[in-house]
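Novice: A single structure is presented below for examination.
The values are calculated or read from the model by the stated rules, or taken from the named source; none is laboratory data. Everything numeric here is computed off the predicted structure, so don't read it as measured data. Here the Cβ positions follow ideal geometry from the backbone for every residue, glycine too, while neighbour counts run over all protein chains shown. Just the protein is used for accessible areas: all its heavy atoms, side chains included, with ligands, DNA and RNA removed. Shrake-Rupley method; radii C 1.70, N 1.55, O 1.52, S 1.80 Å.
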Amino acid sequence: QLQASGGGLVQAGGSLRLSCAASGTISSVSGMGWSRQAPGKQRELVATITSLGNTNYVDSVKGRFTISRDNAKNTVYLQMNSLKPEDTAVYYCWLGRFTAPFTYWGQGTLVTVSS
């Protein structure tokens, strides 16, 4: 029910904008966010935004990435600036709910940053 898009190949220092839209009506949404998984590494939480608009970021992307959302559309965005090769990963969007099922995951979109 989550469709992510916007990944691709970009040179270091460049920018990309990821989008993730939820299809259908989803109630009791607590927040949305993005996680990523680099080759050979565990998935890590990158950015979150609550239904009230509070945001949080992993330290490695603070000041470079910005998460935003359209509550009415259950759509979340991730603006990624000043990209680094270490940002290369598959990025997954997710949607959190207060009731079960507690989490929906998108299918992932690949971001590759060349040096």
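Novice: Checking the condition open to solvent by 50 Å² or more (accessible area, probe 1.4 Å), without any contact (Cβ under 8 Å) to a residue 60 or more places away in the chain and β-branched (Val, Ile, Thr), which residue from Thr48, Thr25 passes?
Specialist: After ruling out the rest, the residue left standing is Thr25.
Novice: Restricting the search to segment 68-100, which residues are open to solvent by 30 Å² or more (accessible area, probe 1.4 Å), farther than 14 Å from Gly33 by Cα and either modelled with pLDDT under 95 or assigned to a loop (DSSP other than H, G, I, E, B) (or both)?
Specialist: Ala72, Lys73, Asn81, Ser82, Lys84, Thr88, Phe98, Thr99, Ala100
Novice: Something else now. Just one of Tyr92, Tyr104 is within 18 Å of Ser5 (Cα to Cα), in contact (Cβ under 8 Å) with a residue 60 or more places away in the chain and under 11 Å from the mean Cα position of the chain (by Cα); which is it?
Specialist: Going through Tyr92, Tyr104 in turn, just one is within 18 Å of Ser5 (Cα to Cα), in contact (Cβ under 8 Å) with a residue 60 or more places away in the chain and under 11 Å from the mean Cα position of the chain (by Cα): Tyr92.
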